Amino acid sequence: MSQLFEYAPAPESRSIVDVAPSYGLFVDGEFVDGSGESMKTVNPATEEVLSEIAVGTEADVDRAVKAARRAFTRVWGPMRPADRGKYLFRIARILQERAREFAVLESLDNGKPIRESRDVDVPLAAAHFFYHAGWADKLGHAGLGPDPRPHGVAGQVIPWNFPLLMLAWKVAPALATGNTVVLKPAETTPLTALLFAEVCRQADLPPGVVNIVTGAGDTGRAVVEHEDVDKVAFTGSTEVGRSIARAVAGTRKVLTLELGGKAANIVFDDAPIDQAVEGIVRGIFFNQGHVCCAGSRLLVQESVHDEVIASLQRRIGSLRVGDPLDKNTDIGAINSADQLARIRELSDIGEAEGAHRWQPACELPDRGFWFPPTVFTDVSPAHRIARDEVFGPVLSVLTFRTPDEAVAKANNTTYGLSAGIWTEKGSRILAIADRLRAGVVWANTFNQFDPTSPFGGYKQSGYGREGGRHGLAAYLKESS
Amino acid sequence: MTHVLDPGTLEAGTRPAPGSGAPFDDVTRSDAALRAFLHGLPGVDQVGAEQRAATLGTRSIKTTAKAWAIDTAISMVDLTTLEGADTPGKVRSLAAKARRPDPADPTAPAVAAVCVYGDLAGVAVEALEGSGVHVAAVATAFPSSRASREVKLADVRDAVGNGADEIDMVIDRGAFLSGRYLEVFEEIVAVRQECGDAHLKVILETGELFTYDNARRASWLAMLAGADFVKTSTGKISPAATLPVCLVMLEAVRDFRAATGRQVGVKPAGGIRTTKDAVKHLVLVNETVGADWLSPDWFRFGASSLLNDLLLQRQKLRTGHYSGPDHVSID
Amino acid sequence: MSDRLAVRKTYKLYVDGAFPRSESGRTYEVHDARGAFLANAALASRKDARDAVVAARAAFGKWSRATAYNRGQVLYRVAEVMEGRHAQFCEEVAAGEGLSAGRARAVVDAAVDRWVWYAGWTDKLAAVLGSANPVAGPFFDFSLPEPSGVVAVLAPQRSSLLGLVSVLAPVLAGGNTAVVVTSRERPLPAVTLGEVLATSDVPGGVVNLLTGDAGEIGPWLAEHDDVDAIDLTGAPAGRALELERLAAGSIKRVLRPPAEEPDWTADPGTGRMTRFLETKTVWHPIGL
């Protein structure tokens, strides 16, 4: 009497969020019209237009920076640090209170599964504010001298893969350290940032401390290049990171960059195989692979290659691809048509270059942007899919025979954001971790994040850290 | 190291007879070989296993899927009474409930088995005659397994003689923990022989094995020795059945079938009291080993109070409103 | 005064533990502060810079993974050997920078002491800059400083020894290897420092000293894909913006030049070390 256990649809109710037909910019504590021609944000799972979003021009950005400067000079800078902390605690609490709303909105706008927005993005965003709130009146203990000072106005540009979480990673440390903020959310995912603006109002955060200017690349450029911005923080592609580094060259602006990656996930023959397979899946299919630290290169020891791949394929066969709002969905929609095109292009190149493409049988919805979980085997280090960041649910499998070869292949990339090691041998973990040129090394786990834990890259994955005591350094001037 | 899933370990064309771990016959030739084999199994990372089980625990099973899951779970229950105070009357009333769990609703399926001490197996057999509900008896000096081999085998013989068609034996945890794996293996083999046609469930008592590595090794040990089922717990020790330990055992039966072609069942027992727990286990089965195990032939719940919660939830689904304890029968 | 005719020294580059001439064959005249001829120095070319980067990269693995204690001893050894050449450094600094004998002595003293200061830092960095991070889950999570890699250093143009040591030693203390372009007009103390390094347990390639023009070689280093970071302290006036833009191409860590050359006798702090350190965070589950 064995039969398939089909889960009935379990959609999270969309009615909890109230998406307005249009949104303005959040400047100086008020929603105002943008001067640019507005843009549309769509639900990538259905291609339905969710809302019209204002586009900030240089003049709008200028207003936002002026508001931030005023708030820095008159209110936020002079404020008692403990009170700054209390505002952040308030924000953390409101994020927790409105967690479900944020989760649904994030999944609608981004396409990520509600299970992840509910269990990862939103709780971590709240935790980030809670963590940094406590720092506000303890900065003298951060190892940056007895009285480190904020830079002033922080211009922040964030990506579309974790819209609210990246906002939290940027805004929380900036505010805790006494800076004020002009934040530019990603073009395709502005909604949770705009809901966050409402949270700032509910928290009675003084006007101008947080300003949110929506738009696309030009708006971001205006934020980065505004001459009264003291500190620039960017998370996104290495290509844009380069142009930002060029743009701030020769200025007094302080810059931190969190850019791309092509992480190796190294599986030794003595790994806990079942957990390693989970880690591989979590490494590359979490958030549709739209993760800068994704474990996109699986380096597996030759002696267990067949076993690991067989287990992996079986496991991938159980992944549920579909409606992001269904609580049982594991893989949601690709965030945009552009991104889908890039994933398709690189996958096709992978096949053309001779790698073997494997995808499970899975039905994809007719509308929206979708790509099935994909594994390439027989990948050579010279293949594009072994070198370029795909930023999608595409895993490239390479093999190695010795620890030295594993390290050499893992480090054979211009990136250096993260890496994974799977082995039951503790001393090997420490030896390999020591030799990997990557900012975050996960041993027998992958894609774990925590506000107390510094995150950031080596090499062309960027510089500066976010999270932990180290993350504060990006927003403070050392005192002596 | 040798991995159990190395394709090379499978000789082409051999399809081992049930009850035999044919490709691995040589690993039970000596204590050293068995030890090397069991310790060569891939390790289990506790945090990773628990995280996986917890994630599966967040699956949302609603409406038709929930109705199916509840009925499936009912049909997988080994309705159990293992008290010193058990009487023939208690067993008969349990048997009646096993046949027809919801007196008010004949569409509720019967449970899989009634599980009792061996001396009461005859009472259960009589009460369940013609129902298709199996009679399981615990044996081998349940729950401690602290007795001589002869006494344990006599215990099994007695239960089988009383008509039990399923034997739930307990392994000697003392021997296992002190590394005398071959001794544990031989005891299971001996019990297996004593069982005759009765199905053998081997209770690992994972709460006394402490680590997931041990749970995986003990599962393999039992399967190599011919177990038809591996079972988590006696229900007398805490922790008993947990999702992660069940996950590890499911991975073991999955890998064992891949390597030998023989399918072994899994029975979590003890501590599963709510429909929610049961559904989480079914999700775990579904996503770890798949539909092949989603039947009472291959997956059981050792439980007593679970059944009433399943029935209450079943009534809620059917009527649309909540019910109460007086609307299901006490055991 | 002896009437013996002095044996003059040939001032060469210091690359990969050896003292080559510039592959270009070029030299330039070095004069003292009053304009008198001192020596011909090698005028390093872009190919010398390229070779130096290769040497620095090759040396990075071993130097960065040497124990902190070992690195500390090596840096202290530099101070010891430098002390033995005290008089020579005084002469060169006095001539090149136009200092009195007393001032020159003070500068050399400070330079030696700077090595000692940084030597003591190597095995403190991880304790001061590292952390155990109390994550909300069953993981042991720790962060440690690690060197950025190959660092290009445009050494100060005025302070030819103390300034040089002040920018070089912090790069080395953290475990980086260095390609240094020395003061163009005052390169001689740097060459002598190379001789000190060559005889004081610093592995070949860890430090590479190029005498010549930062304006000529700087762009090649700033744009070099295998250079991880660049210190623009000695960038020629007006060239820093261009160099920083070039450095952006490979996301280099950039230390911008100060508005004017700082007082090198001041407490250096940790800033120059931390600038060329990465933070590595390692997660490991806690389980049985």
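Applying the selection to segment A:44-53, what residues are open to solvent by 10 Å² or more (accessible area, probe 1.4 Å) and touching a strand residue (DSSP E or B) at 6+ places or on another chain (Cβ under 9 Å)?
Hits for segment A:44-53 are A:GLU48, A:VAL49, A:LEU50, A:GLU52.
Residues that are more than 9 Å from chain C (Cβ to nearest Cβ) and touching a strand residue (DSSP E or B) at 6+ places or on another chain (Cβ under 7 Å): list the strands (runs of 3 or more DSSP E) wholly contained in segment A:372-471 that include at least 3 such residues.
The strands (runs of 3 or more DSSP E) meeting that bar are A:374-377, A:394-400, A:418-422.
So the check is Cβ under 6 Å with 6+ separation or different chains; which pairs have a first residue in segment B:52-70 that's more than 8 Å from every other protein chain (Cβ to nearest Cβ) and surrounded by fewer than 19 Cβ atoms within 10 Å (Cβ to Cβ) and a second one that's in a helix (DSSP H, G or I) and basic (Lys, Arg)?
Pairs found: B:GLY57/B:LYS280.
Name the residues in segment A:207-227 that are out of contact with any Cys (no Cβ under 9 Å at 6 or more places or on another chain), in a loop (DSSP other than H, G, I, E, B) and open to solvent by less than 20 Å² (accessible area, probe 1.4 Å), would you?
A:GLY208, A:VAL213, A:THR214, A:GLY215, listed by residue number.
Per-residue answers, yes or no, for (1) part of a helix (DSSP H, G or I); (2) within 22 Å of C:THR265 (Cβ to Cβ):
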{"site": "C:LEU99", "(1), (2)": "no, yes"}
{"site": "C:ALA106", "(1), (2)": "yes, yes"}
{"site": "C:TRP115", "(1), (2)": "yes, yes"}
{"site": "C:VAL128", "(1), (2)": "yes, no"}
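Counting just the residues of segment C:118-154 that are more than 13 Å from every other protein chain (Cβ to nearest Cβ) and closer than 15 Å to C:TYR69 by Cα, which one comes out most open to solvent (accessible area, probe 1.4 Å)?
C:ASP123
Quick check on segment C:231-266: of everything there that is modelled with pLDDT under 95 and among the acidic types (Asp, Glu), which residue is farthest from the chain's Cα centre (by Cα)?
Among those that are modelled with pLDDT under 95 and among the acidic types (Asp, Glu), it is C:GLU260.
Within 14 Å of another protein chain (Cβ to nearest Cβ), surrounded by 15 or more Cβ atoms within 10 Å (Cβ to Cβ), at pLDDT below 55 and not in a helix (DSSP H, G or I), is that true of B:VAL4?
Taking the combined requirement at face value, the residue satisfies it.
Quick test of your reading of the structure: A:ARG93 fulfils all but one of (1) within 27 Å of the chain's Cα centre (by Cα); (2) charged (D, E, K, R); (3) under 20 Å from A:ALA186 (Cβ atoms). Name the failing condition by number.
Single failed check for A:ARG93: (3).
If A:GLY295 passes every condition in (1) assigned to a loop (DSSP other than H, G, I, E, B); (2) closer than 24 Å to A:ARG63 by Cα but one, which one does it miss?
(2)
Just give me the residues in segment A:169-192 being in contact (Cβ under 8 Å) with a residue 60 or more places away in the chain and part of a helix (DSSP H, G or I), in sequence order.
Answer for segment A:169-192, where residues must be in contact (Cβ under 8 Å) with a residue 60 or more places away in the chain and part of a helix (DSSP H, G or I): A:TRP169, A:LYS170, A:ALA172, A:PRO173, A:ALA174, A:LEU175, A:ALA176, A:LEU191, A:THR192.
Of the residues B:ALA113, B:ALA124, which is buried (at least 24 other Cβ atoms within 10 Å of the Cβ), under 17 Å from the mean Cα position of the chain (by Cα), within 30 Å of B:HIS327 (Cβ to Cβ) and among the hydrophobic types (A, V, I, L, M, F, W, C)?
B:ALA113
For A:ARG357, indicate whether it is basic (Lys, Arg) and surrounded by fewer than 18 Cβ atoms within 10 Å (Cβ to Cβ).
yes
Considering each of B:GLY261, B:GLY235 in turn, give the residue that is open to solvent by 20 Å² or more (accessible area, probe 1.4 Å) and more than 15 Å from the chain's Cα centre (by Cα).
Exactly one residue qualifies, and that residue is B:GLY261.
Go through the residues of segment B:89-97 one by one and say whether even a single one is in contact with a helix residue (DSSP H, G or I) (Cβ under 7 Å, 6 or more places away or on another chain), open to solvent by less than 50 Å² (accessible area, probe 1.4 Å) and assigned to a loop (DSSP other than H, G, I, E, B).
No: segment B:89-97 contains no residue that is in contact with a helix residue (DSSP H, G or I) (Cβ under 7 Å, 6 or more places away or on another chain), open to solvent by less than 50 Å² (accessible area, probe 1.4 Å) and assigned to a loop (DSSP other than H, G, I, E, B).
Could you give me the residue pairs with C-beta distances under 8 Å whose first residue belongs to segment A:120-138 and is within 11 Å of another protein chain (Cβ to nearest Cβ) and small (Gly, Ala, Ser), whose second residue is open to solvent by less than 10 Å² (accessible area, probe 1.4 Å) and part of a helix (DSSP H, G or I) wherever it lies, and which are 6+ apart or on separate chains?
Pairs found: A:ALA127/A:ALA92.
In the list B:LYS231, B:LYS201, which residue meets the criterion of being in contact (Cβ under 8 Å) with a residue 12 or more places away in the chain and touching a Phe, Trp or Tyr at 6+ places or on another chain (Cβ under 6 Å)?
Of B:LYS231, B:LYS201, the one residue that is in contact (Cβ under 8 Å) with a residue 12 or more places away in the chain and touching a Phe, Trp or Tyr at 6+ places or on another chain (Cβ under 6 Å) is B:LYS201.
Of the conditions (1) within 14 Å of chain B (Cβ to nearest Cβ); (2) of a type outside the set (Ser, Thr, Tyr); (3) surrounded by fewer than 24 Cβ atoms within 10 Å (Cβ to Cβ); (4) within 29 Å of A:ASP109 (Cβ to Cβ), A:ASP306 fails just one. Which one is it?
Unmet condition: (4).
Of all residues in segment B:182-201, which are surrounded by 20 or more Cβ atoms within 10 Å (Cβ to Cβ) and either farther than 19 Å from B:SER148 by Cβ or of a type in the set (Asp, Glu) (or both)?
B:GLU187, B:GLU194, B:ALA198, B:LEU200, B:LYS201
Where residues in segment A:228-283 are open to solvent by 30 Å² or more (accessible area, probe 1.4 Å) and assigned to a loop (DSSP other than H, G, I, E, B), which of them is farthest from the other protein chains (Cβ to nearest Cβ)?
Among residues in segment A:228-283 that are open to solvent by 30 Å² or more (accessible area, probe 1.4 Å) and assigned to a loop (DSSP other than H, G, I, E, B), the one farthest from the other protein chains (Cβ to nearest Cβ) is A:ASP228.
Each row is one residue, and each column tells you yes or no for (1) away from chain A (no Cβ under 14 Å); (2) touching a residue at least 60 places away in the same chain (Cβ under 8 Å); (3) under 30 Å from B:GLY43 (Cβ atoms).
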{"site": "B:MET249", "(1), (2), (3)": "no, no, yes"}
{"site": "B:ALA252", "(1), (2), (3)": "no, no, yes"}
{"site": "B:ASP255", "(1), (2), (3)": "no, yes, yes"}
{"site": "B:GLY261", "(1), (2), (3)": "yes, yes, yes"}
{"site": "B:VAL264", "(1), (2), (3)": "yes, no, yes"}
{"site": "B:ASP277", "(1), (2), (3)": "yes, no, yes"}
{"site": "B:VAL285", "(1), (2), (3)": "no, no, yes"}
{"site": "B:LYS316", "(1), (2), (3)": "yes, no, no"}
{"site": "B:TYR322", "(1), (2), (3)": "yes, no, no"}
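Determine if segment A:449-459 includes at least one residue that is in the same structural domain as A:PHE285 (by the TED database) and closer than 23 Å to B:VAL44 by Cα.
no
So that you can scan it fast, the table gives a plain yes or no per residue for (1) touching a Leu at 6+ places or on another chain (Cβ under 9 Å); (2) within 30 Å of A:GLY462 (Cβ to Cβ); (3) of a type in the set (S, T, N, Q):
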position: C:SER100; (1), (2), (3): no, no, yes
position: C:ARG103; (1), (2), (3): no, no, no
position: C:PRO134; (1), (2), (3): no, yes, no
position: C:GLU146; (1), (2), (3): yes, yes, no
position: C:LEU161; (1), (2), (3): yes, no, no
position: C:ALA173; (1), (2), (3): yes, yes, no
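When only residues in segment B:26-46 that are touching a residue at least 24 places away in the same chain (Cβ under 8 Å) and open to solvent by 50 Å² or more (accessible area, probe 1.4 Å) count, which is farthest from the chain's Cα centre (by Cα)?
B:ASP31
Can you find a residue that is out of contact with any Gly (no Cβ under 8 Å at 6 or more places or on another chain), open to solvent by less than 70 Å² (accessible area, probe 1.4 Å) and either in a helix (DSSP H, G or I) or in the same structural domain as A:GLN202 (by the TED database) (or both) anywhere in segment A:63-78?
No: zero hits.
The values are calculated or read from the model by the stated rules, or taken from the named source; none is laboratory data. These numbers were taken from a predicted model, which means no experiment stands behind them. Positions of Cβ are backbone-derived with ideal geometry, glycine not excepted, and every protein chain shown enters the neighbour counts. With ligands, DNA and RNA removed, areas are computed over all heavy atoms of the protein, side chains included. Shrake-Rupley method; radii C 1.70, N 1.55, O 1.52, S 1.80 Å.
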